[in-house]
Structure formats: structure tokens, C-alpha cells
Amino acid sequence: MASRIALLDDLTASRIAAGEVVERPASVVKELVENAIDAAATRVEIHLVDGGKRCIEVADNGIGMTAEDAVLAVQRHATSKIRSSDDLFAIETLGFRGEALPSIASVSHFTLTTKSAGCPVGTRLTIHGGVLDDITEVGSADGTLIHVEDLFYNTPARLKFLKTTGTELARCVETVSALAPAFPSVAFRVLHGKQEVLATPGTGEMVSALASTWGRDTARRLVPIRKDEPGLSIEGYVGVPDVARAGRTHQLFIVNGRPVRNRSLTHALEHAFRGITPESRYPVACIAIRMDPSMVDVNVHPAKLEVKFTQEHLLHAAVVEAVSVALRNHGLTPAIGVPRTYEPPAFRPPQSERPSAPSAAGVSRAIAAFAPPSIADEAWPSGAEAQAATADSDELSLAEQLRGYRVLGQIANTYIVAETVYGAVFVDQHVAHERILYERLTDARHERGIPVQPLVVPLSITLGAAEAALLADRSADFLAVGWDIAPFGRDTFVVRAAPALIRPGNHEAILRDMIDELAHQSVARRLVVDRDQVTIANACRLAVKAGDRLAIEEMEELIRQLAETRNPHFCPHGRPAVVAVTRAELERRFKR
């Protein structure tokens, strides 16, 4: 009887490995740049075409390879980094598996040109879809140049999941931006077509690399940290509280030269900032850790992005202490007894300026440009009417569930509580307002255009390299939702107009938050149409926030307008806006 199990051929195995190692152009950039660093390069240039989808070229001035080594390098599990399994527990290089080059070559048109210092000529290998086509001698400078064309041309299932040129470019730039501060003595340069999008000086100073990748404005607001003890060294920079971000886009951890993700390190950083930055903001940090390689397991993730530590609790404590000491030395200590609520860039008038009349409440005023005509509130039902309301509220629309609602107040300045004919409803004020604004902005975009306020003095904003690439690619989408933004140099932009909802002085903070959100969306969010993503981010940043104290009239107006939306139950991100509890459910809970 024929066996049902068969060994895969090398080409199929390489393509399977490519599925784990090579996810997008940024994955190729990561593997090739890491190889260049392992080859002792001091200059690495990355040329991209169409965000890396059409072409990726990485050139370095490292030690290069002989012809024999070049042929071995494109075979699976051929590596110069380790010799036995024991070496896996003392890895000091970025690469070690010997999978990257054959995996990349199996899903692209691949050319490798290399020359070592002791060789009179260089070697060029040409590979198409994993099949070696040609080996020739060529004139070449010392080092290695790898040219990758038409990534995933022979795996259409993977090709269709690639995003826009701007998104893929931003991911490639993010990859290099993570490696640059880890290796500040290496000068990195990224070009997209003929345009330079990132360049680091290679001076050996981490802060200089961060100024190139995160932007000069952020680099000026960084505080140095340092801690040395036997077997452990921690150094780097953390941002002062006012540069905290809307997401973890500017948190970088480097372990023995390798940019990594680790929940314990993230928790340690944010624990040290507890009481200094608000709960809805995330500290900026680049922390480099040097420790015994045997204490780190880097072989737990296909792309070597995650690591595990043998004494994680001790490392956690050391990072907390290092960051806390640095903050104290710069006069930054946690507040005691003060709630950590973030006061976001406000678009509503201050409490003292808000009139008390429901028709002109602060929330209503904020969206007056889009609001429909008011309708009179229904009278609060009598006891008899309430007792008669026995229908299952789950079968009713939100407008019906809210019939005759009466606002009771707020919980934690976040959730609005209202009594209704059928029981009670709890409304997340941020989610509800986000839904209202999203629908108003979308309708206005399609019908008459979003009200825009030209800025008397245009705003100049400097971004990090990856953020600049994203904004340049999405400028038309931002314009469609009220932001008139033009490039002014490689990483600087000028804002000439903004949505009229935003109060003067808050444009930069809101715009940075929107870019943060768009740069790191969930997988589900990436499936939304680009322009709709910007509308969602716009609505999210303009909406009232958790922790904002609202007047009763504002809460009533918010609930009324939520009930009139097309989808009042969820915000555009998919989070629930309303939780209803029926009287019958309350009676069951109290066993009445």
C-alpha cells in the first residue's frame, strides 16, 4: 500500500518557510538589513520601488562573501552564525537560522552580488522563484548587494494581502527605524524611487539616530536613562510626559542589539510612568538592554521579534528602577491622589463657558454644524406606564428603548446612566459621541463637504520618517475630511486648514493622534476603505473622552443624537456604545 506521507521537495519547503519569515516587503528589508549588520557593515542603503512591492535593493559595505559561500548562503539552513544546537543559547548575531535568503529567493526574482576583500572579482547569483539560474563573476566593490523584484509574484494568495504603496513603505521605514538606534554606528539610508525618506548619521550616538527616525522635536524631549549591575546594562532614553503618544508607536526595546517585543518590558516601562502620564497615553522610550545571551531565548518567534527571559521578574524590576530614577532626576515624580485622566485637546468650550440650556449644550455645540433639527423630549412616564412596559427591550430599536429616558448622571465621568421605561441604559460617552461624529462627518463628506477653518498662521509639524511616509501617501484622504496638509521638506508638513470643530491650538496634538492610530491599526481595521479610516480617526480624536465631566443637559443631548444615528449600538471601531438592562433582568438579579 502506497504511503500517504511524503517528504516535501526543497522548493516547496522554502515557500512554506517564506510564509513564516516573509510576510510583506518590510520582512524582506528586515532580513536583508540584519544580514548586512551581521556582516559588519557601517553603511547600509535600501532602495524601494512601489513601497517595496515591485523592487527592494539592499547594499552594504560589509565583509562580503566568496563564491563558495555565496552559493551556500542561498541554500536552506546554511549559516555562518552557529555550528550546533548549543550555540542557540548564546546567540549574539541578528540572524542564525539560515532561512531568510532561500525563503526570499523562492518568492521573488532574486539577484545577489557580493565580493570579499580577499577576492579579485565578485560573484553574482540569479535565482527565479527559488531556482538557481546563473552564477557569474563580476566586477564589484567589497560588500553585498541584493536585488529583489516582484515579491510574491508566484504566490498570488500572499500578494493580494499587500496594502497600499504608502502603507508598505511606512512599514519598511519602521523596520529600519527600529534597527537604527540599536546600531547607531551604522549609517542607514532609505530611498523610495529617487526620494530619500530616511537617513541616519552613523555617529554612534543613539539620540542622533532617534532624531532621524522619530523627528527632532521628539528627540529634544528625551531624558537619558542608565543602569549598570553585574551581568546587566540598561541605557537609552524616555520621553517627558508631554510627548506621550496615543499608542505604543514610539516604544522600542533592544535586547543585545535586537529590537524585540516583550510584554514584561512594556509593562515595566508603563509601570514606571504610572501617575506621570495619563491612562489613555503611552510613554515614548527607546531602551537598550545588554545581558548574558544565555539568559535570553530569541528562538521563540518565526521572525525573531519576540523573546523570553529566564529571569523575567528581575529584569522587569531593573527596568522599572532605571526609568523611575531617570524620571526623578529630572523632577518627574508620580502625582499622589490625583486621578490619571487625560485632558485631550479640547474642541468644546470650557465648563464655565457652557450655557445650561439643553439646546446649546457643549456637546451639541461641538457638532452643531452637522446636527439635525431638535425634537422635543418625551415626558417621563408614569408608574403605570412603566409597569406596562413589559416587552423584551432586546427586540426594540434604541430609540424605542430610550423612550422617555431620564439621565441620572455619570459613572467615573465616563458612562452615562439613564432610566427608561424598560429599565436602565449605560452609555459610553466617548463611543457614543464618536458614532455621532462619524456619521455626521461621513454624511457631510458625501453631501456638502466638511466645514473647514483655514489657519491664520499655517502650522508646521515635523514627523518621524515612517509617519511622514504615511501622511504623504494619505494626504488626499486627510483633505477629504477637512485637513489641508502639504509637504514642506522630507519630514516636515504644513497644515493650512483643519476641520472647523477643532479649537485653535489643538490641531497638532489631534493630527499626531490620528497619524498614530492610522499607523497601528488592528488587522480588521486595515480592511476598511482608506478614506473611511481617516474619517474614523478624525471622529475618534474629536469625540469627548472618558473622564470628561458633562452637564446633565449635555448628556441628554448626547443620548438623543445617538438614538438618531443609523447604527447607535457600536462605534466605527466596533466597540459597544450602549448596554441596556431591563427591569425584568433587575428583578431576576434581586430575586423579586
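Values in this text are rule-based calculations from the coordinates and carry no lab data. Remember, predicted model here, so these are calculated numbers, not experimental data. No Cβ is skipped: glycine too gets one built from the backbone with ideal geometry, and neighbour counts run over all protein chains shown.
In vacuo Debye scattering of segment 105-240, one point per C-alpha: log10 I(q)/I(0) at q = 0.09 Å⁻¹?
Summing over Cα pairs of segment 105-240 leads to -0.44.
Please work out the Kirkwood hydrodynamic radius for segment 221-329, using every pair of different C-alpha atoms, and report it in angstroms with one decimal place.
Result for segment 221-329 stands at 14.0 Å.
Cys55: net charge of surrounding residues, Cβ under 11 Å, Lys/Arg +1, Asp/Glu -1, itself excluded?
Net charge around Cys55: -2.
Which lysines have a Cα lying under 22 Å from the Cα of Lys227, excluding residues fewer than 8 positions away in the same chain?
Partners found: Lys308.
Is the C-alpha gyration tensor of segment 405-518 telling us rounded, prolate or oblate? Criteria: a/c under 1.5 is rounded; beyond that, a/b larger than b/c is prolate, otherwise oblate.
Cα axes put segment 405-518 in the prolate bin.
If a paramagnetic tag sat 7 Å from the Cα of Leu191 along the Cα-Cβ line, which residues of segment 468-490 would have the backbone N under 17 Å from that point?
490
Going by how many other Cβ atoms sit within 10 Å of their own, how do Lys163, Lys194, Lys53 line up, fewest first?
With the sparsest Cβ surroundings first, the list reads Lys194, Lys163, Lys53.
Could you please report the charge total around Arg592, scoring K, R as +1 and D, E as -1 over all other residues with beta-carbon less than 15 angstrom from its beta-carbon?
After counting each charged neighbour, the total is +2.
Give Lys53/Lys160; Lys160/Lys194; Lys53/Lys163; Lys30/Lys53; Lys53/Lys194 a once-over and call out the pairs whose C-alpha atoms are over 20 Å from each other.
From the list (Lys53/Lys160; Lys160/Lys194; Lys53/Lys163; Lys30/Lys53; Lys53/Lys194), the Cα-Cα distance tops 20 Å for Lys160/Lys194.
Long-range amide H contacts for Met65: which residues qualify at under 5 Å (H placed 1.01 Å from N, peptide plane, sequence gap of 5 or more or a different chain)?
Amide H to amide H, under 5 Å and 5 or more residues apart or across chains, Met65 pairs with Lys115, Ser116, Gly143.
Mind listing the phi-derived Karplus ³J(HN,Hα) values for segment 575-592, rounded to whole Hz, using 6.51, -1.76 and 1.60 with θ = phi - 60°, and x for any glycine or proline?
Karplus-based 3J(HN,Hα) across segment 575-592 equals 7, x, 9, 9, 10, 9, 10, 7, 4, 4, 5, 4, 5, 5, 5, 8, 6, 8 Hz.
Could you give the length gained by full extension between Leu314 and Tyr153, i.e. 0.36 nm per residue of separation minus their alpha carbon distance, to one decimal place?
Taking Leu314 through Tyr153 to full extension adds about 53.3 nm, to one decimal.
Using a basic spin-label model with each label point 7 Å from the Cα along Cα→Cβ, how many nm lie between Arg496 and Asp134?
Inter-label distance under the simple model: 4.9 nm.
Non-local amide H neighbours of Ala187 (under 5 Å, H modeled in plane, Pro and chain starts lacking H): which ones?
Close amide H contacts, sequence-distant or interchain: Arg43, Val44.
Using modelled amide H (1.01 Å from N, peptide plane; none on Pro or chain starts), what sits under 5 Å from the amide H of Val452, excluding residues fewer than 5 places away?
Sorted by chain and number, the residues that satisfy this are Ala500.
Which lysines have a Cα less than 17 Å from the Cα of Lys591, not counting those fewer than 8 places away in the same chain?
Correct list for Lys591: empty, as no lysines qualify.
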